[in-house]
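J.: Take this structure first; my questions come after.
The values are calculated or read from the model by the stated rules, or taken from the named source; none is laboratory data. Computed from a predicted model, the values in this text were never measured in an experiment. Here the Cβ positions follow ideal geometry from the backbone for every residue, glycine too, while neighbour counts run over all protein chains shown.
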Amino acid sequence: MSSRLRERTFARMLRLTSADLGTAELIDEAAELLATAIPYDSACWHTTDPDSLIETGFRAYDMPPPDAGVARFAYLPQDFNSFTTLAAGARHSGVLSEVTGGRLDRSIRYRELLRPNSMQGELRTALVIDGACWGNISLFRAAPHDFTADDRDFAHDLAGVLGRGLRTAGVRARSAADSEVRWPGVLVLDANGQVTTISAPARAWLADLGAPEAPEHDALPFAMLALAERARTDGDVATRVRAASGRWVSLHASATGAQVSFVLQQANPSTITPLLYAAFGLTAREREITDLVVAGCSTGEIAEQLFISPLTVQAHLTAVFTKTGIRSRRKLAVLLRGDAGAGNTTFLG
């Protein structure tokens, strides 16, 4: 692949990720653009919770949507080129054949998923910006084709661009406010990933997450499948997902042997605020000032507490308003507290 084509692709990707697109639209257009520089036979993109690194949503291309079997083998943290390893590493992309020394059978992911589907080449990329991973990509090529070191390096170059794009697109996602009071729900999965127990509130939460009407017989949202597999290896785990209503849903999973129990409930604003701060790209000082605004402090009180001038406070607030697209302290406080009726900006999980 020519360097000139990749330079053009990189420039176009920069423009694309700066456009006013929602997450799904951004991924669809980025996937098509990426294919011009790194051709592939199939691909899967995921959004991730940057704190837990658990996959919270997906877009699949020329392959079936990921199911419980994929969740069981595709995201094992101890397998080669795990996304947790790529996110933490100096290089955020990797080719499976390279990291296994050409012995693909060393990877359980290859044995259980790629080889049965006649796939040999796999290129993975963790989409990291400012130290946080907002998504990941898996590209596949049918045997006997594979990815090259040049493919890997170009994917790494795009990691920050696409990570910033997902972060920005997420805070642009909008939905209607939902003030309905909803109790926590409980759901239990057996070793085969089948629902054995489900409470009425859990059904309501699942419906909001886009699950089918009969979760006992149909696939659960992928975020829950991924969380269940993480619980089976790590014990108690949790993540946050934005539902169709705009609510933030806290998913907590706990494993007892192969059985996994879930608690689904309204996420506490204190767990969402750091995520929104990161998504909006607020500086440490801007976060301090925003915290005090949410607490109800006046400009003078903020200036006194932080030992800065009122004019400096106002300058930082202007920057916060610009980054969040919010024009008043009240709306800013409402958004970060998660109150019903808050401006409708939310993050796509």
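J.: Pick from region 148-179 the residues that are modelled with pLDDT of 95 or more and among the hydrophobic types (A, V, I, L, M, F, W, C): which of them is nearest to residue 100 (Cα to Cα)?
T.: The qualifying residue nearest to residue 100 (Cα to Cα) is 149.
J.: Keeping to region 242-263, report how many residues are modelled with pLDDT of 85 or more and under 18 Å from the mean Cα position of the chain (by Cα).
T.: 5
J.: Right, here's the next one. Taking the residues in region 1-41 that are of a type in the set (S, T, N, Q) and within 17 Å of residue 126 (Cα to Cα) as candidates, determine which candidate is modelled with the lowest pLDDT.
T.: Going through the qualifying residues, I end up with 23.
J.: Right, something else. For region 319-335, which residues satisfy the criterion of being surrounded by 17 or more Cβ atoms within 10 Å (Cβ to Cβ) and among the hydrophobic types (A, V, I, L, M, F, W, C)?
T.: Passing the criteria: 320, 326, 332, 333, 334, 335.
J.: Given region 1-97, what helices (runs of 4 or more DSSP H) lie entirely inside it while holding 3 or more residues that are of a type in the set (Asp, Glu)?
T.: 23-37
J.: Right, something else. Do we have any residue at all in region 108-130 that's closer than 26 Å to residue 51 by Cα, of a type in the set (Gly, Ala, Ser), assigned to a helix (DSSP H, G or I) and touching a strand residue (DSSP E or B) at 6+ places or on another chain (Cβ under 6 Å)?
T.: no
J.: So the check is Cβ under 6 Å with 6+ separation or different chains; which pairs have a first residue in region 89-104 that's without any contact (Cβ under 8 Å) to a residue 24 or more places away in the chain and a second one that's among the aromatic types (Phe, Trp, Tyr)?
T.: Close Cβ pairs satisfying both conditions: 99/80; 100/80; 104/110.
J.: Quick check on residue 193: is it surrounded by fewer than 23 Cβ atoms within 10 Å (Cβ to Cβ), within 26 Å of residue 78 (Cβ to Cβ), in contact with an Asp or Glu (Cβ under 9 Å, 6 or more places away or on another chain) and modelled with pLDDT under 90?
T.: Yes: the conditions hold for residue 193.
J.: Another question, if that's okay. When you scan region 131-174, how many residues do you find that are assigned to a strand (DSSP E or B) and either of a type in the set (Gly, Ala, Ser) or buried (at least 22 other Cβ atoms within 10 Å of the Cβ) (or both)?
T.: Qualifying residue count for the region: 10.
J.: Just name the residue that is farthest from residue 225 (Cα to Cα) out of those in region 242-258 that are in a strand (DSSP E or B) and among the aliphatic types (A, V, I, L, M).
T.: The residue in question is 249.
J.: Let me ask you something else. Being over 29 Å from residue 276 (Cβ atoms) and buried (at least 17 other Cβ atoms within 10 Å of the Cβ) is the requirement here; does residue 72 meet it?
T.: Judged against the criteria, residue 72 is a match.
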